[in-house]
Amino acid sequence: MIHAIPMMVVLPLAGAFFIPMVSRRAAWVPDAVGNAVMVVLAVISFGLIGREGIYHVGGWPTPLGIDLRLDGLTAILLLAVNGIGLCAALFSVSYMELYTSKFRYYSLFLFMVAGMNGVIITGDLFNLYVFMEIAAIASYALVAFGCEHEELEASFKYAVLGGVASSLILIGIAVVYMITGSLNMAQIADRIQTIGLTPPILLALCLFVAGFGLKAALVPFHAWLPDAHPSAPAPVSAMLSGVLIKAIGVYVMARLFFNVFGPTSDLLAVMRLLGVLSMVIGVLLAVGQWDMKRLFAYHSISQIGYVMLGLGLGTPLGLAGGLFHLLNHSVFKSLLFLNAGSVEYSTGRRNLKQLGGMARILPLTGGTTLVASMSIGGVPPFNGFWSKLIIIFACIRAGFYGLAGWAVLVSVITLASFLKVLRYGFYEAPAEKLRVERSMAPLMAVALLLLAISCLAMSLFVVTGLESPVLVDRAVEALSAGVFGM
Amino acid sequence: MAAEGGMSLVVKTVTRWLKGLIFLFGMYIMIYGHLTPGGGFAGGVICASAFILITLAYGAPEAYRHLPRGAAEKLDSFGALTFLIIALLGLWFAGVFFRNFIGTSPESHFRLTSAGVIVPCNLAIGLKVLSSLFLVFVMLSALHIIVSGEGRRRIERRRHTP
């Protein structure tokens, strides 16, 4: 089973290179290969739950070669990326008929998945950078996939800011390499223990906060997200908002700060500050939006704020809340984007002012939107309620009463903003009669149902207690076990 | 050789003499990557520069005669897939992903056969870099800037004012 670890990168890469070679003659190949690869990846990532291990690529021992690390945190992130990836791929089969050159789409999609899986499993800092760039560059191209004015502009903005982030991160890695003489995370952690957090290391930390903060779209680094995420095709928006900003932003920050540099009180305070800023500003910007996907995109900023707040508390309960919310957010946010996609697929519109009564026209989408909205708004018994509850409890237990208050307030505003989506988009009669261009395709319905069921099923994770939700407890152990040992 | 299009006769003649030599040098850098400075990436860049030189001197159609775009796209994916397959063969034959499964003897030191899978890996990377760099160049040279609206009016105003 240990050989399954490199397969998380190998399979999507192989698919991505194979698709453009054969698909000019056989039009069914991209759909078949893309979905088959995602099914296999999802199955493998299920199989990797509960396992741990280090894979030495090429058989070279730790300081010489590249390590791939599998632990509790890796396992839940892999499950999120590949599970959501599978749903997005299923959704794409019909949805991407609206666009041309499907083989390019699936090729880029698999590159993005390969990059994210690589970032998650690698134990080498430079390897992480390379995989992050694979995922990021594929996502720039996917944002611009429609090739219209608005999409190209969004992609350009995203590419420029993403390039700034990548160069900050690269400089940070160079500084770390200069000081510690190593790129292996375990060895870096080991050496930092003896060197201490000297000024150059602190500089690298600042660069990492800015760089990965940009990738994770935390306020004040969020400017690219509200343009980039709505411009992409719906399944790609689901991947970007659902998992990309977490895999190459939040996950890497958590991994580096908790397992490589070691969390200090200043670092945790910075994480909490960024978290609260994103939470509050994101939701305030979201309330006034009328474009459905743009509204969802602003909520991503706000919900990532919750995750950072939970992680920034640094207590096991806070980590559990943050990581559980990360998982939950990836499910309900990708469901929301796919719902917006199915509305756009049927009517060609996504502005709430021009929509209405969609619950009658698309009953399934109406239902799944209701589920996802209640999840993100924190209504019991859906999964979003539990993770927000854990974060708020953790804030109170750590003595941050103000932060807990903000978390409650933001949750209420989030719910209000989604009631607006439900009312104008789904339950109130439209201002003018809507013309339904296409009915929903079966595979799209499957993807929506899978995610909606997960929204409910994941609230069962707390049956083992709020302190240690299923799956998340091992990830919390991995983060709170302190820095990597050699 | 087409006399029309492209650059001057001097450039064209020099290109005709040099293109093979540049390609050959690129192949040398690729194959001897484990013994001398260089490797797959550097060799691939040099090989691609031969095609880019042809594009500059003669224009894109002549370059496509040497390396058609469709073939370059296929080679691009083929190179990467080959690299991946070599890595997987390590898993198949030696039990570890990317293991160097071709054994080397002490007598082979400082010879071409001293590095096992590194030579095929370098060739695969070279193929990938060659074709993708050529494609990047072709794509960039095929771009036309379309100016519309206010920008076009400004350009026209500038053209009409003496």
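The values are calculated or read from the model by the stated rules, or taken from the named source; none is laboratory data. None of these values were measured; they are calculated from a predicted model. Here the Cβ positions follow ideal geometry from the backbone for every residue, glycine too, while neighbour counts run over all protein chains shown. Please note that ligands, DNA and RNA were not included when accessible areas were found on the heavy atoms of the full protein model with its side chains. Shrake-Rupley method; radii C 1.70, N 1.55, O 1.52, S 1.80 Å.
Computed values, structure above
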read-out	value
Qualifying position, being closer than 28 Å to residue A:185 by Cβ, of a type outside the set (S, T, N, Q), within 14 Å of another protein chain (Cβ to nearest Cβ) and in contact with a Ser or Thr (Cβ under 7 Å, 6 or more places away or on another chain), among A:64, A:68, A:78	A:68
Top-ranked residue in the stretch A:80-128 [being among the hydroxyl-bearing types (Ser, Thr, Tyr) and crowded, with 22+ Cβ neighbours inside 10 Å; ranked as nearest to residue A:255 (Cα to Cα)]	A:122
Answer from B:142, B:72 - the residue that is more than 18 Å from residue A:10 (Cβ to Cβ), loosely packed, with under 13 Cβ neighbours inside 10 Å and of a type in the set (A, V, I, L, M, F, W, C)	B:142
Which numbered condition residue B:92 fails, given (1) over 14 Å from residue B:132 (Cα atoms); (2) away from chain A (no Cβ under 11 Å)	(2)
Lone unmet requirement of (1) open to solvent by 10 Å² or more (accessible area, probe 1.4 Å); (2) in contact (Cβ under 8 Å) with a residue 24 or more places away in the chain; (3) in a helix (DSSP H, G or I) for residue A:263	(3)
Single condition residue A:1 does not satisfy, out of (1) part of a helix (DSSP H, G or I); (2) within 14 Å of chain B (Cβ to nearest Cβ); (3) open to solvent by 30 Å² or more (accessible area, probe 1.4 Å)	(1)
Single match in B:90, B:43, B:126, B:103 (criterion: without any contact (Cβ under 8 Å) to a residue 40 or more places away in the chain and either on the phi > 0 side of the Ramachandran plot or touching a Phe, Trp or Tyr at 6+ places or on another chain (Cβ under 9 Å) (or both))	B:90
Filter result for residue A:434 (farther than 22 Å from residue A:332 by Cα, assigned to a helix (DSSP H, G or I) and out of contact with any strand residue (DSSP E or B) (no Cβ under 9 Å at 6 or more places or on another chain))	no
Single condition residue B:116 does not satisfy, out of (1) open to solvent by 30 Å² or more (accessible area, probe 1.4 Å); (2) under 28 Å from residue A:3 (Cα atoms)	(1)
Members of the stretch A:446-486 found to be among the hydrophobic types (A, V, I, L, M, F, W, C) and over 22 Å from the mean Cα position of the chain (by Cα), listed by number	A:463, A:466, A:481, A:483, A:484, A:486
Residue among A:446, A:462 that alone is buried (at least 18 other Cβ atoms within 10 Å of the Cβ), touching a residue at least 40 places away in the same chain (Cβ under 8 Å) and among the β-branched types (Val, Ile, Thr)	A:462
For residue A:41: the one exception among (1) closer than 23 Å to residue B:95 by Cα; (2) within 14 Å of another protein chain (Cβ to nearest Cβ); (3) out of contact with any His (no Cβ under 9 Å at 6 or more places or on another chain)	(2)
Residues that are part of a helix (DSSP H, G or I) and within 14 Å of another protein chain (Cβ to nearest Cβ), drawn from the stretch B:23-77	B:41, B:69, B:70, B:71, B:72, B:73, B:74, B:75, B:76, B:77
Meets criteria (surrounded by 16 or more Cβ atoms within 10 Å (Cβ to Cβ) and out of contact with any Asp or Glu (no Cβ under 7 Å at 6 or more places or on another chain)) for residue B:84	yes
